[in-house]
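This report refers to the structure that appears directly beneath it.
The values are calculated or read from the model by the stated rules, or taken from the named source; none is laboratory data. Please read these numbers as outputs of a predicted model, since none were measured by experiment. Because the Cβ atoms are built from the backbone with ideal geometry, glycine has one as well, and the counts that use them run over all protein chains shown. All accessible areas refer to the heavy atoms of the entire protein, side chains included, with ligands and DNA or RNA removed. Shrake-Rupley method; radii C 1.70, N 1.55, O 1.52, S 1.80 Å.
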Amino acid sequence: MTARIGVVTFPGTLDDQDALRAVRVAGAEPVSLWHRDKDLHQVDAVILAGGFSYGDYLRAGAISRFSPVMETVIEQAKAGMPVLGICNGFQILTEAHLLPGAMLRNNHLHFICRDQTLRVENAETAWTSDYSAGQEISVPLKNMDGRYTADEHTLDALEAEGRVAFRYVGRNPNGSLRDIAGITNAAGNVVGLMPHPEHAVEPLIGTGRTDGLGFFTSIIKKLVNA
């Protein structure tokens, strides 16, 4: 069985081709999905790629959340389909209420672009099983609205339930509460994070390391062994 992993393109998406390439490098079949098409074309998992969909008008991800494809993505995610939201994709997942919380403008009010060290907090999701809890990885980070926020009750619940998937190590790059870089839903099939693992799958590009490849090999193993 060859896993089919779809990557959604919205108007303003920048990193869809990188995500498709990462899927291919990991050994799965990449499938391009268009935001106006509700049909997911029989994919086994979906990636919402990074960028500035609809120019981040209103709020980052606020308009994309209502694109036709999201109706199906939300339905299938609730039924157990693995979904990964990267950067703008994470913002869309919060707007769609597939993940709790919201993303605010970086606390320093500047766009940031740098290699970022992360600590893996949860290695039991569909997208993180090829990592180990406590492992530190380095992947590129680039965002303007990357400050994760939620009320204290939600933050405490995320911590208690092990749903913080990644945390920033060293200087917090955007003011995210509790250094949260990525979270998961309770079932572990939906994961969102601000940094870009798709830019760290080949030694030639990105960080010069392959620390992001584990996201894509994790989901392939999950799907093949399902």
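The set of residues in segment 1-38 being open to solvent by 50 Å² or more (accessible area, probe 1.4 Å) and of a type in the set (V, I, T) consists of T2, V25. For segment 158-198, taking the residues that are free of Cβ contacts under 8 Å to residues at least 12 places away in the same chain and not basic (K, R), the one that is nearest to A22 (Cα to Cα) is identified as N172. The condition of being closer than 28 Å to N225 by Cα and surrounded by 19 or more Cβ atoms within 10 Å (Cβ to Cβ) holds for D44.
The set of residues in segment 98-125 being open to solvent by less than 10 Å² (accessible area, probe 1.4 Å) and either at pLDDT below 95 or part of a loop (DSSP other than H, G, I, E, B) (or both) consists of L99, N106, T125. Restricting attention to segment 97-118, the residues that are among the aliphatic types (A, V, I, L, M) and farther than 16 Å from D145 by Cβ total 2.
Within segment 51-65, the set of residues being open to solvent by 60 Å² or more (accessible area, probe 1.4 Å) and touching a helix residue (DSSP H, G or I) at 6+ places or on another chain (Cβ under 9 Å) comprises F52, Y54, R59. Does segment 82-97 hold any residues that are assigned to a loop (DSSP other than H, G, I, E, B) and either open to solvent by less than 20 Å² (accessible area, probe 1.4 Å) or modelled with pLDDT under 95 (or both), and which are they? Within segment 82-97, P82, C87, A96 qualify.
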